[in-house]
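What follows is calculated from the coordinates using simple rules that are stated; it is not laboratory data. No experiment lies behind these values; they were computed from the predicted model shown. FYI the Cβ positions are ideal-geometry reconstructions off the backbone, even for glycines, and counts take in every protein chain you see.
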Amino acid sequence: MSSSAHCSGSKFLGRLKSPICSSNAEQEDHQLPKFEPFAEAVAIPRGPSSDATLECVRVDMMQNENKSDHHCHLYEGKNNILIVRRAQEFQMTLQFNQPVNPSDKFQIEFYIGIDTYVLNGTKIIIAFDGSQTGNWTGRMIQEQGDECVVGITPSADAIIGKYYTNVAVIGYNGISRTQKDSGTDFYLLFNAWASNDEVYMPNEEDRQEYVMNENGYIHEEESGDGRQWYYGQFVAGILDACFQILDDSHMPLVNRGNAVKVCRIGSAMMNSQDDRGVLVGNWSDDYSLGTAPTFWIGSDQILLQYVNKGPVSYAQCWVYAGTLNTFLRCLGIPARVITNFNSAHDNSGNIITDLIFNSVGNQLELNERLTRDSIWTYHCWNEAYLSRLDLLADQDLGGWQVVDSTPQENSDGYFRCGPCSVKAIKEGMLGYQFDGPFVFAEVNSDVYKYKLNSKTGKTELLNVDTTYVGKKLVTKSIGGNNYKPMDITETYKYPEGSSKDEETMKSAERTYKTHVQYDDEQGVEMMLEIPQERVKIGQNFQMAVVFRNLSEDTRTIHGLLVGSTIYYTNIQRAQFKQETFDVTLNPMETSRIQVVVLAQNYMPRLGSQSNLRFVVTAKSLENNQDMTAMQIVNLKGPELAFAISGPAKVNQEVFVKVEFTNLFPFSLRDVRMAMQGPNFISYREKLYSEIATGTSITWMESCVPTRSGNTMIYAVLDCSVLGNVQVLRCLGIPARVITNFNSAHDNSGNIITDLVFNSVGNQLELNERLTRDSIWNYHCWNEAYLSRLDLPADQDLGGWQVVDSTPQETSDGYFRCGPCSIKAIKEGMLGYQFDGPFVFAEVNSDVYKYTLNTQTGKTELLSVDKTYVGKKLVTKSIGGNNYEPMDITETYKYPEGSSKDEETMKNAERTYKSHMQYDDEQGVEMTLEIPQERVKSGQNFQMAVVFRNLSEDIRTIHGLLVGSTIYYTNIQRAQFKQETFDVTLNPMETSRVQVVVLAQNYVPQLGCQSNLRFVVTAKSLENNQDMMAIQIVNLKGPDLAFATADMS
């Protein structure tokens, strides 16, 4: 769709000097002259030309550096163009034909639109001679030869949009400019990271969620169920689409620095009710001329289709909200989608919701024709985070603002709503712009139920429900893949019935509402109870109408229950059940009427949205008390099954499979499916003409991930009978990070870790040259959660899989490791792909310590340590800000020494390891004790070598302690201490040798990793028993002091 925007004002003569520019696109064909002579320039026979010798020959916008600093690195399809945020410096490199002299004058000019002016912010001039012509600032960062690096800081209220750039050199006769070059164009966006921008959001976690997160969830059930939504604000073409929307709205460029006005325009332009906006609304069941609202899974396809073809069919509230959310986040405005359960639509503007019931004999029936107001089962809108500089500062009405693009009521000539301060709504301050009364009614209106006598035409107030509307308001929780609902009801309203709630209602009623008195104390209370567990489509279920007689008189009740299928807007689609009943209640008695609802009755009446409404009306015959109750049952649809063939790796093919089984007693026709995963699988659709009862369909697609990081895969199935069936899967590349303490690196492939010590006289020294295996202090890898369809199904080896990218050993010709089933590791089943023996050794290998006689070259087994390796495995605990370690050791191995542990080791040893016998019962036990409290770097400390003589003979011990600084991989960096000692032990005696470690010795040898390793080797001279012990001391570095600023 070509933009219809233009610089409006063709009838401006006599009123405006030039038209008001409302197009960012028209500047593409606009170019300033290469040389612009001054008015007083002397005429030159060959025409005007510059007398300046300086000329700019190259401009580098430093896209990569600036985009990362400005959190704009995720925008796709914009590799060769700069995207930055206002109120934050970006850098440029200018290259001239010669070094810049102090007498040379040059300036950088930025333009947006045509007919630009400095005073209205459409033309920016940055000079470097100390002068300033606007709110943008510039500085010279570096001059080297013929190159200059400059810093440019746009003002906090700068116009957002696409700018083009000229570098101008000023001579005596005029100004010479660089020619227009698309490579020096740049986009400027709002900046939630800048404290002086009106969209500033102080918390980084909030900014990551509400500006940077592309994956959303729109809740449709109080329980938390709903639909996934891909915002896709960084998808190629979306940024241009958002600016085209502003052009199509004819919004003047000079207003585009105002976030409040941009939100208001966005609200109007998301719907096409009156301005050929983005989306066409449709609340029927006929979507034959477009796409059913339930079929959309994201905004990117909608916005790209709008750019190419114009208004997109069709939308309902969640589609409007999801698409507006993309628009706002793409431009840099923090935004989120809100769901309001039992959302009132007040057509009359009196902040009351009126429901009218016909009185027919002893029965009441909801009159849908006369009831202009309505209560939607849920309604979705947006919130944008703005400081609201347009409102009184002392009222502090900034923060979250309601912006609703669903076309409901007209606001200043267009179907739009907001931005409206949530704080103002909570306090009942409805006089501030925009649209406060309408939003207040959505969450806070009282429901007035009237009885209409069809013969006389008179109405009588039945009762008032002050708690039904705005039952709960939720939004997606903070955290990339956290889709739980976050209850934000308290941000909109005080607790129902509280003194503050009553005060708020009185404040609102003074201006907008006539309060009607009524008496609801009439003796009988009626409730309608629906199942607590969610009912599945096609399932029979029971309900109960409960009466409680609160009077001291007998009451005779005549009642009517009507069941209907409805749209989510609470408008009836078709009635499927009608049942009358009579009840006699003794004084203070409670009675329950059981109601059975059969699937065979409601299924033929279901539409694309699976909602059932039950309205019960009743009359007490003795005193003519009328009662009403209403409940909505949201039916739960079937689920899609999802699987992925293996680990997702960048630029490597992987297969995605979606399966569905029709368990209904009827065929499903014209079933439409779609699948999409950002940076993983492009949008794809599939149509099934029929899925017969009891049959399954399988849809498999090949895809190649293009970018590392967390991503989501969305899949949807839609048909007229079931409505929307979805599946959402998070693909983490990686899913979670694991740390293994004392992690073995088995180079020899025998699942043993071999350590070799030189035997020199009565001393042992670790031989790091011959010891090819190693034990790292810790090692980190990833786990990905996969079903492992490539392994035998009966072994159940799916779930968490080790994936390690640290280059240690080659696997099938490449330095890689995994995916390897953790369940297989735990059971010692090392024959399944991939790389099981290596991973098993990392967490489970025995440490074999050998002595090497340097004169003879022979080795002898010293001892075997079965517990040192895989001491503990941890990962981050679940929860966005929960950084406590979660111990997952038991997922990799059974408790050391248990029968299951021995069985696992035997399984592994059968194939990969020759078990060597040794005798470790030689009389003396040696341990090395290090400080329990962590040692600070630069601190002296003490250790102890402890000997315990378990024999009945005297033992003479000669020992050596060697201290070294090491890398975290346990490789020696430098030796800083060597100390020998001799100990004589009486039978059964314990002796401690104290060792002092001085900082002056180890600090000069420390590297970037502050680890000290102490190896003690000893020999019992009487029986030649060799002993050794190793301990690592991880030094603690200094702390940074941190303080938070008071932002109030």
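Numbers for the structure displayed
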read-out	value
Charged-residue dipole, Cβ positions (Lys, Arg, Asp, Glu), the chain about Cα centre, Debye nearest 20	1600
Exposure proxy order (Cβ contacts within 10 Å, fewest to most) of SER284, SER405, SER708	SER284, SER708, SER405
Segment 736-912: C-alpha gyration tensor shape, a/c 1.5 cut-off, then a/b vs b/c	prolate
In nm, spacing of pseudo-spin labels at ASP274 and ASP129 (7 Å Cα→C-beta vector)	5.2
Distance between segment 804-853 and segment 68-108 - C-alpha centres, whole angstrom	49
Prolate/oblate/rounded label for the chain (Cα gyration tensor, a/c 1.5)	oblate
Cα centre as origin, Lys/Arg/Asp/Glu Cβ charges: segment 736-912 dipole, Debye	180
Sequence of ILE593, ILE338 once ranked by neighbouring C-beta atoms within 10 Å, starting from the fewest	ILE593, ILE338
Cβ-derived FRET efficiency at R0 35 Å, ASP285 paired with ARG592, nearest 0.05	0.50
Cα-Cα over 29 Å, subset of LYS78/LYS423; LYS261/LYS309; LYS493/LYS619; LYS657/LYS872; LYS471/LYS506	LYS78/LYS423; LYS493/LYS619; LYS657/LYS872
Percent RCO, i.e. relative contact order, over the chain, from Cα pairs under 8 Å lying at least 6 residues apart	6
Stretch gain in nm, segment ASP1039-ASN767, where the contour uses 0.36 nm per residue and the Cα spacing is subtracted	94.3 nm
Cα-based shape type of segment 524-634, given that a ≥ b ≥ c are square roots of the gyration tensor eigenvalues and the cut on a/c is 1.5	prolate
Degrees, to the nearest 10: 499-512 long Cα axis against longest axis of the chain	40
Order of VAL439, VAL199, VAL100, VAL716 - criterion: other Cβ atoms within 10 Å of each residue's Cβ, fewest first	VAL100, VAL716, VAL439, VAL199
